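Here's the structure we're looking at; comments come further down.
Coordinate-derived values only; no laboratory data. Note that the structure is a prediction, hence the values are computed from the model and not measured. Every residue, glycine among them, receives a Cβ derived from its backbone with ideal geometry; neighbour counts consider all protein chains shown.
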Amino acid sequence: MKIKETLAAEFDQFSDNYTEDMIRCVPHYLRLLSGLSEHLPGSFSASRILDLGCGNGNVTALLLDKFPDAEYTLLDASADMVALCRKRFSGINMTCIRSYFRDYTFPEDYFDLIAAGFSLHHLDSREKQWIFPLLCNGLKQEGIFACSDLMISKTSPEHEGLIEEWRAFVNASYPDGEKWAWMTEHYDAYDRPDDYADQEQWLYNAGFRYVVTKWRDGHWVNFIAGK
């Protein structure tokens, strides 16, 4: 499997097996995914929700169980992923939008919850610092940004160890090494993770009142940030 020329095309090519690939290729995937709904405050309610980088809709499916009457906006650059979501959630109050983050106009004071599951690592440091204020402005007062992702800079001294652990995890499911070879190409071309501590500071700089780590294992992190 060869990487494609754009990020959207990358996700088009494995949209049919997305969930299986994520479970087998991303450590703690299901735990981090569930954290996007389980770790919200017990008293929190949401009537408008944005799934930022929705993929095939796994995050939205969990949130629907918690907020069945909410209005959902699903955003993703992959045409195939957006088509899957339209089919998966047919008849539900939601809008599916095909767009890169940079091309989307974030409404102000609109969403109660913005959830990003394994999508922000595609943005580099400058892009994260660009988007965090937009997310804060897009939330209503008391709104929450929930995120699960890999959070370590490629320049971190711990990065090499992370890669070795990750390689072993993937090769346990795909021992021929081909999946890891593709992932290495994809990671080099499209993934731009940053350290959690840096992102925490950028979130505060963007106007969030608090940032709380809800679960982490090494550099795999789930947090919430409140406006």
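Report the net charge of residues surrounding Leu33, where surrounding means a beta-carbon distance below 15 angstrom and charges are Lys +1, Arg +1, Asp -1, Glu -1.
My count for the surroundings of Leu33 gives -2.
Enumerate the amide H contacts of Trp215 below 5 Å, restricted to partners 5 or more residues apart or on another chain; note that Pro and chain-start residues carry no placed amide H.
Those qualifying (amide H under 5 Å, at least 5 residues apart or on another chain) are Asn222.
What does the charge count around Gly161 come to, taking other residues whose C-beta lies under 14 Å from its C-beta (Lys +1, Arg +1, Asp -1, Glu -1)?
Value of the local net charge: -3.
Among DSSP beta bridges whose residues both lie in the chain, state the antiparallel percentage, nearest 5.
Here the share of antiparallel DSSP bridges comes out near 40 percent.
Ranked by Cβ crowding within 10 angstrom, fewest neighbours first, how are Ser173, Ser148 ordered?
Final ranking by Cβ density, sparse to dense: Ser173, Ser148.
Could you name the aspartates and glutamates in cross-link range of Lys140, using Cα to Cα under 16 Å and dropping any fewer than eight places away on the same chain?
Leaving aside aspartates and glutamates fewer than 8 places away in the same chain, those within reach of Lys140 are Asp51, Glu71, Glu108, Asp109, Asp112.
For the chain, what ratio Rg/Rh do Cα atoms give with a Kirkwood hydrodynamic radius?
On the Cα set of the chain, Rg over Rh gives 0.94.
Do any of Lys154/Lys227; Lys87/Lys179; Lys128/Lys227; Lys128/Lys179 go past 21 Å between their Cα atoms, and which?
Too far apart for the 21 Å limit: Lys154/Lys227; Lys87/Lys179; Lys128/Lys179.
What is the local net charge at Tyr174, summed over the other residues whose Cβ is closer than 13 Å to its Cβ (Lys, Arg +1; Asp, Glu -1)?
Computed value for this residue: -1.
Give me the Å³ per residue figure for the convex hull around the C-alpha atoms of segment 114-193.
104
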